[in-house]
Amino acid sequence: MQKLPPHVKHQNGRINFARSNTEEFNLPETEYFEGVMARAPTTQALSVVSVDMLVTDNKKAHNTSRYQNNSLIVRRNKEFFIIIKFDRPFNNQQDNVQIEFTIGSSPDENRGTYMIVSIGKEKRDGRWNSRMIGTQNNEATVGITPDSSCIIGRFCTFVTVVSELGKQRTPRNPNTDFYVLFNAWDPADVVYMPNESERQEYVMNDVGVIYNGEFNNVTSRSWNYGQFEEGILDACLLVLDAGKVPLMYRGNATEVVRQASALMNSQDDDGVLVGNWSGDYSIGTAPTAWTGSIEILRKYAKGGCVPVCFAQCWVFAGTLNSFLRCLGIPTRVITNYCSAHDNSGNLKTDIVLDEAGKVDRSRTRDSVWNYHSWNEVYMKRPDLPDKYSGWQVVDCTPQETSDGLYRCGPTSVNAIKEGQLSYPFDARFVFAELNSDVVYYRSDKYGNKKIVSVDTTYVGKLIVTKKVNSGAYEDITSNYKYPEGSDKDKQTMKMAESCGTPARGYQPLPETGVSIELQANTIRMGENFKLTLNIKNQTSQTYNISATITGCVVYYTGITSSIFKVDDKVASVDPWKTMQVMIDVRALEYMSYLVEQSNLLFVVHGRIQETGMALTTMRVITLQPPDLTIKVTGSLLVGKAFMVMVSFRNPFTFILTNIQFRLESPGLMPTKMKTYDQIAPGGSLQYTDMITPQSPGKKVLIACLDCPTVRQVTNQLEIFVQ
């Protein structure tokens, strides 16, 4: 326990109480002495005048000062201080005072929803501890420590004087309510994180970066988590209430995370966000238009818990990140490039080619997402062996059900890496997203399929998250998997099979001696470009290769939309040489077929004429959207207005219509949204605003322009306010 810090002073503005019972809560029964005279009291009866929650000082000590909320916010297993003012000096030997804390409508000591601590002659503590710090005149300063596994949420405070005449309890007063959160600073809490710079990143950072694009061309967008903004803490607790999460579960971090995974999506439980991958967002907001979670969580709370339209994986992950950081759980957003969505759970992603070597869309059911975003939470897992604590995968994008609800996790990253897939929750599904083989089949005119090629390295190519104290990404692939083909990798696959993952069920194909790969530079939407097909002959004889290149427009989920190009090439490759074959792709070919996020998938199916052996590869190309620029002018000083200017030019030959524009910055300005009917070819849009900073420090301005024909037009600018 700690002593009262020297900066804790007695403050003004306390709350006065009348003597009355509370009817708002079903508190355990108690006696009141008004109108009762059993016998003459031996001392003057004590009465409570006011309770001061010392909000400013306690918040500072509990790392909660940044929450824009007038109430006290504390963390588990850390002492906070209150000052109780009585109508006479408190006598520690004669007076008996109980301080009661309740949560929910039917408080119960056995369920952890009704806590009693006491000061005075009959000292009593339960799950929570109290101590008398000192008295001065009529005031008593008391230290309170919530236990390390206590329920997360908003508690009410009552002070009860116990005397020979009975009990006198202060009435319900919202000004003495306070919130208890998880405590990543305390080793006794399951979410304890020992490294301070990591705590600042994964609990306290309110702006992040979510990575997208493709593994050869990692792109990113800033996301406003905004966990400290006004109304967000109450909105997060409302999510738990609307989801009917029992209060007794809310002290268990594993349970809170698992419930949150289900409650972020609207499948089965009317959760926060409606997933939509259709391309039609006319009755809501396009997933690509959001710039952060604040607008989403406030809309859900103010709209009577009606799910908000619409989201895709990074919106789900960004919003869950805000929710869990707000409650005090260390959380980060992860992006897995080439993420398998294996519909059958057999660690195979099947791609069917027709007789001509083109992708057969009608028979290709599995898909490989260009990228998929999920979250990791840092916590001890008391239900698992010790080595499986630490980072845990949790995914709220609705893909498959788990225990009857659309959710996934938490599942241990360490267990995934070792192939230990029998532990809860949903380890097999996550393992398949990272470790599936891509199996290419060739079908004949009768529909018979034959395996022509297997790629064991395509899926789970790169796994990244934002670096601590940096906007750059950190490659964390080695957290999830051993190097492809290594002895450890083989052991992991064997362990996964022993845990019930179906064996792959096909024999390794003979080596061809020839490899092929597709290369491309960064390409802007609307540009002509060249693809390079590298054919590498690693044998001592000359080979003649014939190849069919299929170009499809594809959603980031790997689902193909339209085939826009089929090209046939032949090449003769000398022994031990690499030959480059160029493929011209014109904007006229693909522009009219583009779907959101502008991805092109090229599949190459080749054949060595001398041996009849097949060669296959595929490559996704993400077209870069046009630029959005942000500039500021003026002095960046607290209390002094400066101007922000966001500009965009339409580089296309067609009109952009139904444009939605957003600008926001946590701690600096609320979300500003504007709509524009159209921007003509070559035309420009310019938005200006005056902003007056209220607090110093680093701020991030996040801007996004979105319309049906061009998505993912975003930018961010970091500024420092003096």
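Summary table below
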{"quantity": "Residue-wise HN-Hα coupling along segment 520-527, computed from phi with Karplus coefficients 6.51, -1.76, 1.60 (Hz; x: Gly, Pro)", "calculated": "7, 7, 4, 10, 8, 4, x, 9"}
{"quantity": "Rg to Rh quotient for segment 73-169, alpha carbon positions, Kirkwood Rh", "calculated": "0.96"}
{"quantity": "Simple Cβ-charge dipole of the chain, Lys/Arg +1 and Asp/Glu -1, about Cα centre, in debye nearest 20", "calculated": "1040"}
{"quantity": "Where trypsin sites (Lys or Arg not before Pro) fall in DSSP loop in segment 428-533, at most 14 other Cβ within 10 Å", "calculated": "Lys445, Lys467"}
{"quantity": "Förster-model FRET efficiency, 41 Å R0, Ser498 and Asp186, C-beta, rounded to 0.05", "calculated": "0.60"}
{"quantity": "Globularity ratio of segment 229-300, using Cα Rg and 2.2 N^0.38 Å", "calculated": "1.21"}
{"quantity": "The chain: relative contact order in percent, alpha carbon pairs under 8 Å with at least 6 residues between", "calculated": "9"}
{"quantity": "Segment 298-429, relative contact order [Cα under 8 Å, separation at least 6], %", "calculated": "19"}
{"quantity": "Label point distance in nm, Gln491-Met690, each placed 7 Å from Cα along Cα→Cβ", "calculated": "6.7"}
{"quantity": "Cβ-defined net charge surrounding Leu663, 9 Å radius [Lys, Arg +1; Asp, Glu -1]", "calculated": "+1"}
{"quantity": "Positive minus negative residues near Asp403 (Lys, Arg vs Asp, Glu; Cβ under 13 Å)", "calculated": "-3"}
{"quantity": "Nearest-10 value in Å² for the accessible area of Trp277, using the 1.4 Å probe", "calculated": "80"}
{"quantity": "For segment 139-244, alpha-carbon Rg and Dmax in angstrom", "calculated": "20.4, 78"}
{"quantity": "Extreme residue, positive dipole direction of segment 112-248, given options Asn129, Ser148, Val162 (C-beta unit charges)", "calculated": "Val162"}
{"quantity": "Order of exposure, largest accessible area first, which applies to Ile119, Ile451 with probe 1.4 Å", "calculated": "Ile451, Ile119"}
{"quantity": "For segment 405-417, 3J(HN,Hα) per residue [Karplus equation, 6.51 cos²θ - 1.76 cosθ + 1.60, θ = phi - 60°, Hz, x = Gly/Pro]", "calculated": "10, 6, 6, 7, x, x, 10, 5, 4, 4, 5, 4, 4"}
{"quantity": "Binned Cα-Cα distance frequencies in segment 329-378 - 10 Å width, integer %", "calculated": "23, 36, 26, 10, 4, 0"}
{"quantity": "Residues of type aspartates and glutamates that Lys467 reaches as a straight line, Cα spacing below 12 Å, ignoring anything fewer than 8 places off in the same chain", "calculated": "Glu198, Glu201, Asp475"}
{"quantity": "For segment 528-617, size of Cβ-based charge dipole, Lys and Arg +1, Asp and Glu -1, in debye", "calculated": "140"}
{"quantity": "For segment 387-441, average projected area of the Cα convex hull in nm²", "calculated": "4.6"}
{"quantity": "Within the accessible area of the chain (1.4 Å probe), percent carbon and sulfur", "calculated": "46"}
{"quantity": "Helix 487-498 axis, angle to the chain major axis (alpha carbon atoms, nearest 10°)", "calculated": "70"}
{"quantity": "Two-site FRET efficiency, Lys299 against Glu109, from Cβ-Cβ distance with R₀ of 41 Å, rounded to 0.05", "calculated": "0.60"}
{"quantity": "Computed E for Met582/Arg649 - FRET, C-beta separation, R0 41 angstrom, nearest 0.05", "calculated": "0.85"}
{"quantity": "Lysines with Cα under 16 Å of Lys417, excluding same-chain neighbours fewer than 8 positions away", "calculated": "Lys387, Lys461, Lys481, Lys488, Lys490, Lys494"}
{"quantity": "Relative packing of 153-159, 354-360, 689-695, which averages over residues the other C-beta atoms within 10 Å, highest first", "calculated": "153-159, 354-360, 689-695"}
{"quantity": "Residues of segment 670-704 with amide N under 19 Å of the 7 Å Cα→Cβ point at Leu637", "calculated": "690-699"}
{"quantity": "Along each principal axis, Cα extent of segment 530-593, largest first, Å", "calculated": "44, 24, 15"}
{"quantity": "Point-to-point label distance, Asp677-Glu122, nm (Cα→Cβ direction, 7 Å offset)", "calculated": "7.6"}
{"quantity": "Nearest-ten-degree value, helix 232-242 long axis tilted from longest Cα axis of the chain", "calculated": "80"}
{"quantity": "Selection of GluC sites (Glu not before Pro), segment 221-274, meeting DSSP coil and at most 15 other Cβ within 10 Å", "calculated": "Glu230"}
{"quantity": "Local electrostatic count at Asn537 - Lys and Arg +1, Asp and Glu -1, tallied over other residues with Cβ under 15 Å", "calculated": "-1"}
{"quantity": "For segment 88-99, Karplus couplings with θ = phi - 60° (6.51, -1.76, 1.60), whole Hz, Gly/Pro x", "calculated": "7, x, 7, 10, 5, 8, 10, 7, 9, 10, 9, 10"}
{"quantity": "Segment 530-582 and segment 400-475: distance between their alpha carbon centers, rounded to Å", "calculated": "26"}
{"quantity": "Electrostatic dipole magnitude of segment 141-277 [Cβ: Lys, Arg +1; Asp, Glu -1; Cα centre; debye, to 20]", "calculated": "420"}
{"quantity": "Solvent exposure ordering (accessible area, 1.4 Å, most first) of Met53, Met579", "calculated": "Met579, Met53"}
{"quantity": "Rg over Rh [alpha-carbon atoms, Kirkwood Rh] for segment 623-699", "calculated": "1.05"}
{"quantity": "Kirkwood Rh and Cα Rg combined as Rg/Rh, segment 562-625", "calculated": "1.04"}
{"quantity": "Glu517 paired with Gln44, simple spin-label distance in nm, labels 7 Å along Cα-to-beta-carbon", "calculated": "8.7"}
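The values are calculated or read from the model by the stated rules, or taken from the named source; none is laboratory data. Being a predicted model, the structure only gives us computed values, none of them experimental. Every residue, glycine as well, gets a Cβ built from its backbone with ideal geometry; the counts of neighbours run over all protein chains shown. Heads up: the accessible areas ignore ligands, DNA and RNA and are worked out on the full protein's heavy atoms, side chains in. Shrake-Rupley method; radii C 1.70, N 1.55, O 1.52, S 1.80 Å.
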